[in-house]
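See structure below.
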Amino acid sequence: MLTGTVRRTGGGLYQVALDEGRVVTASLRGRLKRGGGERARVVIGDRVQVKEHGNGTATLEGVLPRLSEVVRRGPGGRGPKLIAANLDRLVVVVAVRAPEPPSGMVDRLLAVGAVNRIESVLVVNKADLADPAAVEERFGPYRRIGYSLVVTSVVSGEGLDALRALLSSGTSALIGPSGAGKSSLLNAIEPGLRLRTGELSRKRLTGRQTTVNAVLLPLSCGGFVVDTPGFNDVGVWGVSREDLGRCFPEFERHGEACRFGRSCVHLHEPECGVKQAVAAEAIARSRYESYCRLLEEARGADRAW
């Protein structure tokens, strides 16, 4: 039995990089196809056991326990969507403009990382399209909250060395809306990848999706990166209403002043420390509004709340 990591999936086949250095394409063994829900699905980053057969074919015989996984709410709220497994960090990529990230998108993506207990880093791309002071005014608050912030530009080269250093260890997944420049950044860091990139839609000034399926790529700097398709519909999955506030780091300190303690969900409760902090501008109102929208969406999902 051979062991390896799933690098690519599609059409019922799985490209697996074996620990011994070879790459094989395998299909699922029958017993692995029988149900189990979304989390039982074999995804990019999974460590798997492979059996090769004498006729040039191979099958996935088993999936090893995951060290981590990233799950988001699926499109339209219809259940969970598993993005990848065994990640060390989530790299949230948005553009300063062309296209601007949808309202609340950054907060949503960072919350996905927090729910899944994975380090999240914010990358703000296309910095050449905006004044540095404006970029800092808009995205600098995330650094003050406690997130690592990297400002990049493929055109000017700004931030590329910092991003390369970030990706040089462990396994990272780049996620974000279409058109943010995830594939362009990877091409700039690793020119040999030659990932497909696209132009903005002239009619709607939105990004055109060029990455169709997620793929795990080895980098010459030493790390691995998952390039994912862009998406504009994202929400958290698998978090209780009491715990959602913990996905917003700045809520923690102010939440200690809540009259109802950890059971406070920071909506209508009296003497809520978080709401008081919002009123005093110690917590950005935009962040609080993102929290409220995520909470409402999660309440409407199929959970026993």
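Values in this text are rule-based calculations from the coordinates and carry no lab data. It should be emphasised that the depicted structure is a prediction, and the values quoted were computed from it without experimental measurement. No Cβ is skipped: glycine too gets one built from the backbone with ideal geometry, and neighbour counts run over all protein chains shown.
Less than 5 angstrom separates the built amide H of VAL93 from those of VAL123, ILE175, GLY176, all sequence-distant by 5 or more or on a different chain. Summing Lys and Arg as +1 and Asp and Glu as -1 over all other residues whose Cβ lies under 9 Å from the Cβ of GLY170 gives a net charge of 0.
Over all other residues within a Cβ to Cβ distance under 12 Å of LEU18, the charged ones net out to +1, with Lys and Arg as +1 and Asp and Glu as -1. Using the Cβ-Cβ distance between GLU119 and ASN55 with R0 set to 45 Å, the FRET efficiency from 1/(1 + (r/R0)^6) comes to roughly 0.55. A simple count of charges around ASP107, restricted to other residues whose Cβ falls under 15 Å of its Cβ and scoring Lys, Arg +1 and Asp, Glu -1, yields +4. Considering only the Cα atoms of region 14-68, their convex hull presents on average a projected area of 4.1 nm².
Taking a quarter of the surface of the Cα convex hull of the chain gives a mean projected area of 17.6 nm². Under a Gaussian network description of the chain, with springs only between Cα atoms under 10 Å, the residue in VAL278, VAL43, VAL91 that fluctuates furthest is VAL278.
Remark: region 266-275, residue by residue, has Karplus-estimated 3J(HN,Hα) of 6, 10, 10, 5, x, 6, 8, x, 5, 5 Hz, where x stands for each Gly or Pro and the curve is 6.51 cos²θ - 1.76 cosθ + 1.60 at θ = phi - 60°.
Computed over region 76-142, the P(r) curve from all C-alpha pair distances, binned at 10 Å from the origin, holds 17, 48, 27, 8, 0 percent per bin. Potential lengthening of the chain between VAL24 and ARG259 amounts to 78.8 nm, from the contour at 0.36 nm per residue minus the alpha-carbon distance. Computed over the chain with a Gaussian network model linking Cα atoms closer than 10 Å, the most mobile of PHE260, PHE251, PHE139 is PHE260. All Cα-Cα distances of region 69-227, cut into 5 Å bins from zero to the largest, leave 2, 9, 18, 24, 23, 16, 8, 2, 0 percent in each bin in turn.
Both radii were evaluated on the Cα set of region 116-201; the Rg over Rh quotient, with Rh as the Kirkwood radius, amounts to 0.95. Under a Gaussian network description of the chain, with springs only between Cα atoms under 10 Å, the residue in GLY157, GLY21, GLY113 that fluctuates furthest is GLY21.
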